[in-house]
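Notes follow the structure.
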Amino acid sequence: MRGKTGIWAIAAVTGMALAFGPAAVAAQDQDFSKVQIKVTKVSGNIYMLEGAGGNIAASIGEDGIVIVDDQYAPLAEKIQAALKNLGITDKPVRFVINTHYHGDHTGGNEPFANTGSTVIAQDNVRKRLESGGTAGNGGSIKMDVKPASKATLPIITFEHDVTVHLNGEDIRALHFPAGHTDGDSIIFFPKNNVVHMGDDFVRYGFPFIDVASGGSVQGMIDAMEKASAQLPADVKVIPGHGALSNLDDVRAFVKMLKETSAVVQKALDQHKTVEQMKQEKILAPWEKFSGGFINSDAFIETLYNSLTGHKGEFMKHN
Ligand SMILES: [Zn+2]
């Protein structure tokens, strides 16, 4: 969990690079000194920060700063500097809300906690950070997760939802079970009309669904549909990874998830093996989503395991 030995460095089975996003590079090979933090004003007093790892949302105002996710530990000082450079407040980051436990979203927890921030997350985020374990799609994507340091662990946890009342806004984190992981939260900024979707919504192509950590495609679809239903049509959507988006982008993503799930379900009903599904390239119509991190074959495995309830070690039994 500490920077260059971050959990996403480990790609036990395939050896593929397992940092996220289009420029996927293993964390240990990543030179964080070259990473620059790009700050975009989203709406009102909400900003989006991009560097390496998951997107950060920041509420910056008279009461101080609340951020959603914190990328990697070696970037914490740069993130702090980028927030300060906006010249809006000298007050500190008072709260960090984690959307889920993965190291590219929680890697900065320790340095932020050490400089006075309180980390908040859903119960399962703390549990999985504390225990460590295995993350993956139940197939070729598998990563060992080391138990996190004590300072990385969220101090305040919640089961269903929590609200942080700062900067004149009711910043609400709402848990959606069994999507990207079993500890996902979507964060709503209702006054500013912004939402941070965590990794239930990403722009790098087929999503990583961590079925080994309780994720499922059904839960991801469910989360996106339920969240979208309670959002205004013109809400600004911060994805877990990728460019600032809108609800049309979310709908296109959900449509792809539903269509690809239906195709794999149909193949399952015909008693096809995962190897046959790959050979027949049943996801060819969605080739544009096949990326460096999750390609079509890895997404077939993901959907197969998600729809059949396999949680891991699938490849060994095949
Ligand atoms: Zn993630």
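Considering only DSSP beta bridges where both residues belong to region 45-168, give the percentage that are antiparallel (nearest 5). Kindly include the intermediate steps, with their values, before the conclusion.
Details: 13 of 23 bridges.
Bridges in region 45-168 that DSSP calls antiparallel: roughly 55 percent.
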* Springs between alpha-carbon atoms under 10 Å, Gaussian network over the chain: tell me which of D104, D170, D184 tops the mean-square fluctuations. => D170
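Greater than 31 Å separation of Cα atoms is the criterion. Which listed pairs, K236/K288; K91/K150; K34/K91; K146/K266; K146/K272, meet it? Walk me through the numbers before you get to the answer.
Numbers: K236/K288 24 Å; K91/K150 25 Å; K34/K91 27 Å; K146/K266 37 Å; K146/K272 36 Å.
Exceeds cut-off: K146/K266; K146/K272.
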* Structure fact -> Within the set T152, T106, T115, GNM on the chain using Cα springs under 10 Å gives the largest fluctuation to T115
* Asked: For the chain, treating each Cα as an identical point scatterer without solvent, what Debye log10 I(q)/I(0) comes out at q = 0.16 1/Å?
  -> -1.33
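Given an 8 Å cut-off on Cα distances and at least 6 residues of separation, report the relative contact order of the chain as a percent. Can you show the working numbers first?
Working: 733 pairs, mean separation 51.6, N = 318.
16 percent.
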* Structure fact -> Assertion target for I46, I209, I156, I60, ordered by fewest C-beta neighbours within 10 angstrom first, is I156, I60, I46, I209
* How large is ³J(HN,Hα), in whole Hz, for each residue of region 86-99 in order, when computed from phi with the Karplus curve 6.51 cos²θ - 1.76 cosθ + 1.60 and θ = phi - 60°, using x for Gly and Pro? -> 5, x, 8, 8, 9, 6, x, 6, 7, 9, 10, 10, 8, 6
* **the chain - charge dipole about Cα centre, Lys and Arg +1 at Cβ, Asp and Glu -1, debye rounded to 20** => 340
* Of all DSSP beta bridges located in the chain, what percent are antiparallel, nearest 5? -> 70
* Asked: Given Cα pairs under 8 Å that are at least 6 residues apart, what percent is the relative contact order of region 133-290?
  -> 19
* Along Cα→Cβ, 7 Å out, is where each label goes; now give me the distance between the ones at T273 and E130 in nm to one decimal. => 4.2
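Where a number appears in this text, it was derived from the coordinates with a stated rule and is not lab data. If you're wondering where the values come from, they're calculated on a predicted model, not measured in any experiment. Glycine also receives a Cβ, built like all others from the backbone with ideal geometry; neighbour counts cover every protein chain displayed.
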